[in-house]
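First the structure, in the form of structure tokens, and then the observations on it.
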Amino acid sequence: MTRSEADASWHWSDYWRGARPEVLTTGPAGVRRPFEARAMWLSFFGQIPPGSRVLDLATGGGQVAGYACEAARLGERAFEVVGVDYADLPQSKGPFSLVGGVRLEQLPFEAETFDAASSQFGIEYADRRAALSELARVLKPDAPVLLLMHHEGSVITRQARTELAALQRVEGGGALIRLARQTFRAHQTNPASDKIRAAETAFRKAVGRATSRLGDEPGAMTARQYLAFMTDLSGRAGAYRPESALQSLAQAETANTAWRRRQQSQIRSALDEAAMSDFLAHARDCGLTVEEKTEAHDDHGALIGWRVTLKKTG
């Protein structure tokens, strides 16, 4: 059984175990700006009455759950905040609970348990109809919901497509890492210098081709980091212990696979206008009133996602 078969969310579990902040960046490479929706979330949670139970869907590292606790503190109130996610999550470092291994399509809570719910770039990754049904089930009547969701035309989605395409050009269908492995296996098993030289030459040429394919592509940070790693290995192959280099290559391949899966899942989850209309229709079918649907922009006017406000029908 492969790792992906054993744990379909491993690429997200690894990400959150690395204590990654949930801060997205927008803008061209080299001048990326952090995007945080703190003000939006503090405004939303600031309207929730004291003693409320709050559910944060697809919570990741608990950034939005933390905003809920901050809003409670600023308003001299207390909330019980629970964040759930399909991925395995690290232990919470804040005054809220994080529960990993939870499918949004099958929430482990009794009906009418929560007074409010939130999700930042999360619910759209799930089976949307099933997730909305479960959300409606666990909410109390009149409970408010705020969702920030991926948009097909957002700068985030465009960046994901650009960076994925750039990494694919550098990888060359797997040729680059295959030649890298051949080089260090030659150092391991072939003391004859001509075989080592041939492998190193093929590896350096492959790096040169990858460099040409990438060109001056803006917004290709992941691809450039990977190419820099390969350039160093190809230029100083004799300076590395073969076992160490092969281990580093395996780690880089795993990291690239995880990164690629996260980008692909984000692109698949992004909603265009038609998909958003379907989502809102499902919400209504599940007993959720649609109060607002609008496009969300950052402080520089860049399109970030959809902002959707719902309420459990009383």
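Look at PHE79 and say whether it is within 22 Å of ALA37 (Cβ to Cβ) and of a type outside the set (A, V, I, L, M).
Yes, satisfied.
Among the numbered conditions (1) modelled with pLDDT of 95 or more; (2) touching a Leu at 6+ places or on another chain (Cβ under 8 Å), tell me where LEU89 comes up short.
Evaluating LEU89 over (1) modelled with pLDDT of 95 or more; (2) touching a Leu at 6+ places or on another chain (Cβ under 8 Å) leaves (1) as the failure.
So, in the range 66-81, how many residues would count as being surrounded by 15 or more Cβ atoms within 10 Å (Cβ to Cβ) and not in a helix (DSSP H, G or I)?
Final tally of qualifying residues: 5.
For the range 297-309, name all the residues that are open to solvent by 20 Å² or more (accessible area, probe 1.4 Å), assigned to a strand (DSSP E or B) and not charged (D, E, K, R).
Across the range 297-309, the qualifying residues are HIS297, LEU303, THR309.
Could you run through the range 192-227 and say how many residues are open to solvent by less than 80 Å² (accessible area, probe 1.4 Å) and over 19 Å from ALA166 (Cα atoms)?
Of the residues in the range 192-227, 9 are open to solvent by less than 80 Å² (accessible area, probe 1.4 Å) and over 19 Å from ALA166 (Cα atoms).
Being closer than 30 Å to GLU112 by Cβ and outside any helix (DSSP H, G or I) is the filter; apply it to the range 269-287 and report the residue that is most open to solvent (accessible area, probe 1.4 Å). Break it down into steps so the answer makes sense when it comes.
If we filter the range 269-287 for residues that are closer than 30 Å to GLU112 by Cβ, which is where we start, we get 269, 271, 275-287.
From the residues that got through so far, the ones that are outside any helix (DSSP H, G or I) too are 271, 286-287.
Numbers: LEU271: 0, CYS286: 37, GLY287: 22 Å².
Among them, the one singled out is CYS286.
If you take just the strands (runs of 3 or more DSSP E) that sit entirely in the range 82-157, which of them hold at least 1 residues that are over 18 Å from PHE279 (Cβ atoms) and open to solvent by 20 Å² or more (accessible area, probe 1.4 Å)?
On the way: elements: 97-99, 116-120, 144-150.
Qualifying strands (runs of 3 or more DSSP E): 97-99.
Give just the number: which of (1) within 28 Å of ILE267 (Cβ to Cβ); (2) in contact with an Asp or Glu (Cβ under 7 Å, 6 or more places away or on another chain) does LEU164 not satisfy?
(2)
Within the range 125-133, is even one residue out of contact with any strand residue (DSSP E or B) (no Cβ under 7 Å at 6 or more places or on another chain), basic (Lys, Arg), more than 21 Å from ALA68 (Cβ to Cβ) and without any contact (Cβ under 8 Å) to a residue 60 or more places away in the chain?
no
Which one of ALA245, ALA237, ALA258 is of a type in the set (A, V, I, L, M), over 26 Å from HIS11 (Cα atoms) and in contact with a helix residue (DSSP H, G or I) (Cβ under 8 Å, 6 or more places away or on another chain)?
From the options ALA245, ALA237, ALA258, the qualifying one is ALA237.
Yes or no: the range 245-268 includes at least one residue that is crowded, with 16+ Cβ neighbours inside 10 Å and over 26 Å from the mean Cα position of the chain (by Cα).
Yes; the residues of the range 245-268 include at least one that is crowded, with 16+ Cβ neighbours inside 10 Å and over 26 Å from the mean Cα position of the chain (by Cα).
Would you be able to tell me the number of residues in the range 228-244 that are surrounded by fewer than 18 Cβ atoms within 10 Å (Cβ to Cβ) and in contact (Cβ under 8 Å) with a residue 24 or more places away in the chain?
Selection size over the range 228-244: 6.
For the range 158-199, which positions are of a type in the set (Gly, Ala, Ser) and either assigned to a strand (DSSP E or B) or over 28 Å from the mean Cα position of the chain (by Cα) (or both)?
ALA180, ALA186, ALA192, SER193, ALA198, ALA199 - these are the residues of the range 158-199 that are of a type in the set (Gly, Ala, Ser) and either assigned to a strand (DSSP E or B) or over 28 Å from the mean Cα position of the chain (by Cα) (or both).
Please verify whether GLU291 is outside any loop (DSSP other than H, G, I, E, B) and within 17 Å of GLU171 (Cα to Cα), treating the condition exactly as stated.
no
The values are calculated or read from the model by the stated rules, or taken from the named source; none is laboratory data. All values derive from a computational prediction rather than experimental measurement. So basically every Cβ, Gly included, is an ideal-geometry build from the backbone, and we count neighbours across all protein chains shown. SASA here: full protein model, heavy atoms, side chains in, ligands and nucleic acids out. Shrake-Rupley method; radii C 1.70, N 1.55, O 1.52, S 1.80 Å.
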